[in-house]
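The values are calculated or read from the model by the stated rules, or taken from the named source; none is laboratory data. Since we're looking at a predicted model, the values are computed, not measured. So basically every Cβ, Gly included, is an ideal-geometry build from the backbone, and we count neighbours across all protein chains shown. Accessible surface is based on the protein model in full, side chains and every heavy atom, while ligands, DNA and RNA are left aside. Shrake-Rupley method; radii C 1.70, N 1.55, O 1.52, S 1.80 Å.
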Amino acid sequence: MPISGFPEWLPSQRIIEQQVLDKIRSTFELYGYASLETRAVEPLDTLLSKGETSKEVYLLHRLQEEENAKREDQLGLHFDLTVPFARFVTENNGKLQFPFKRYQIQKVWRGERPQEGRYREFLQADIDVVNRDTLPFHFDTEMPLVIGDVFKSLPIPEATILVNNRKVCEGFYRGLGLADTAQVLRTVDKLDKIGPEKVAAALVETAGATDAQAAACLALAEISSTDGSFADRVRALGVTDPLLDEGLAELLQVVETANEHAPGLVRAELKIARGLDYYTGTVYETMLKGYERFGSITSGGRYDNLASVGNTRFPGVGISIGVSRLLGLLFGQDALTVSRSVPTCVVIALAGDDRRAECDRLASALRRRGIAAEVAPTAAKFGKQIQYADRRGIPYVWFPGEPDTVKDIRSGEQVEADAATWMPPAADLHPNVSAR
């Protein structure tokens with residue numbers, strides 16, 4: 001019986017997922033990110049120290065565990081990959097070369113309410129860069145370029161990366177005279193969920209804002225542009241603060257760098273705040289054209305204070321692709337298709353059970369040359385063996401004989417073939433994923 005929030009893909013969907021992961025992995029590596037995998041569990045105190053996540057953490061315990069186990073001994077499944085990465089860096093900093101660029105593709109677990117594209121167990125693909133003491137800002141500008149190249153390599157709708165900088169927001173709120181900037185950020189981050197009227201009321205109630213200050217916060221959140229014009233619009237609101245100026249300069253650098261790489265890839269969106277407390281500067285989200293109502297498919301940002309050892313800090317910046325979220329939405333809309341549901345490229349027809357050893361040798365010869373091959377499961381009539389291949393989308397059937405022949409069952413064309421030299425067209429060698 002299916003369990004809500006724990007997706008299981010069909011074999012054809014799994015082929016799509018694996019090809020998507022291959023594209024993600026290869027793009028990450030083109031930018032110099034090295035692979036890392038961390039354990040699935042972290043101490044509960046570590047998980048609870050990094051933002052408003054306590055309601056979402058799954059605890060790990062034995063069935064016979066003592067009920068009064070100490071909290072510091074409790075383990076929880078990680079709810080993202082940034083927190084375990086930060087822990088890994090602090091534990092292994094003496095063995096790592098900095099700046100350290102890593103990618104991580106793993107399952108995470110989050111006890112939230114399941115809905116379309118949002119799960120309790122899901123796959124994330126993260127990149128992060130960390131350094132000792134200070135991290136050059138150009139890494140913030142690199143993040144959207146990597147993600148833009150990933151999405152460009154996939155048969156998916158156009159993606160727009162939304163960027164903001166918490167220094168812009170915090171400096172603006174500070175310039176307005178609002179002291180609890182963290183509370184204002186958390187409240188404004190709910191804008192898409194509850195709307196401007198409720199956000200304004202919440203700012204008055206929880207952050208001590210006046211109606212005029214709340215209105216100014218909403219005016220900032222309305223600013224959006226794909227070029228540098230957002231900075232002039234912010235300044236036109238008449239609020240000044242050194243942190244605001246710093247944030248605007250950084251955000252301008254991200255937008256301009258992305259525009260040079262791929263015009264239209266990035267949009268400055270000043271309502272983006274991200275809920276987690278550890279972000280300190282640039283923040284990212286990504287919207288997929290036609291799927292905006294489902295929210296962001298990536299998230300991330302700059303974190304200057306997430307990891308430290310003694311007096312040494314390890315600031316970082318990272319971004320995460322919600323792979324299961326992205327695929328779940330596309331599968332739900334039947335937006336992706338694959339040319340076949342198995343890796344097999346060619347079926348070796350079996351004339352009789354006494355010929356199986358010969359057919360196995362043929363299949364082995366093809367496999368040695370990188371061609372996925374299997375022998376027909378039974379020595380049925382050739383028409384049924386062709387049907388077996390057709391039902392699975394396998395394009396070729398091989399008929400042993402004097403000479404051997406291979407048939408493209410889509411066109412009906414049948415030609416002589418030699419297992420030592422025959423090669424299918426590149427498009428048929430592997431299953432092909434495409435937009436429907």
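Numbers at a glance
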item	result
Exposed-loop-free span, longest in the chain, where GluC sites (Glu not before Pro) count as exposed if DSSP calls them loop and at most 16 other C-beta atoms lie within 10 Å	223-412
Relative contact order of region 199-321, pairs being alpha-carbon contacts under 8 Å that are 6 or more residues apart, as %	18
Label-to-label distance, nm, for residues given as Glu56 and Ala427 (7 Å Cα→Cβ offset)	4.3
Near-label residues of region 377-417 by backbone N, under 16 Å of a point 7 Å along Cα→Cβ of Arg356	377-381
Counting DSSP beta bridges with both ends in the chain, the antiparallel % (nearest 5)	85
Trypsin sites (Lys or Arg not before Pro) lying in DSSP loop within region 262-361, provided at most 14 other Cβ fall within 10 Å	Lys289
At least 20 Å along the helix axis (C-alpha) and Kyte average at least 1.0, DSSP helices within the chain	none
Helical contribution to [θ] at 222 nm, DSSP H n ≥ 4, -39,500 (n - 2.57), averaged over the chain, rounded to 500	-11000 deg cm²/dmol
Residues with amide H under 5 Å from that of Gln74, placed H, sequence gap 5 or more	Leu44
For Ser341, distant residues with modelled amide H under 5 Å away	none
Reachable lysines, given that their alpha-carbon falls under 18 Å from the alpha-carbon of Lys193 and they are not under 8 places away in the same chain	Lys271
For region 328-436: relative contact order, % (alpha-carbon pairs under 8 angstrom, 6 or more apart)	35
Accessible carbon and sulfur surface of the chain relative to its total accessible area, %, 1.4 Å	49
Taking all pairs of distinct alpha-carbon atoms in region 307-383, Kirkwood radius in angstrom	17.4
Other-chain or far-sequence residues with amide H under 5 Å of Val375's (modelled H)	Ile348
Of (1) 27.5; (2) 20.0; (3) 24.0, the label for mean projected area of the Cα convex hull in nm² derived from the coordinates	(1)
The chain - percent relative contact order, Cα under 8 Å, separation 6 or more	17
Cross-link pairs beyond the 22 Å C-alpha cut-off, checked among Lys152/Lys190; Lys23/Lys289; Lys55/Lys190	Lys152/Lys190
Cross-link reach list, aspartates and glutamates versus Lys101, counting only Cα pairs under 14 Å and skipping chain neighbours closer than eight places	Glu29, Glu37, Asp126, Asp128, Asp140, Glu142
Surface per residue (accessible, 1.4 Å probe) for the chain, Å²	48
Max mean-square fluctuation residue, GNM over the chain, Cα-Cα springs under 10 Å, options Ile127, Ile156, Ile371	Ile371
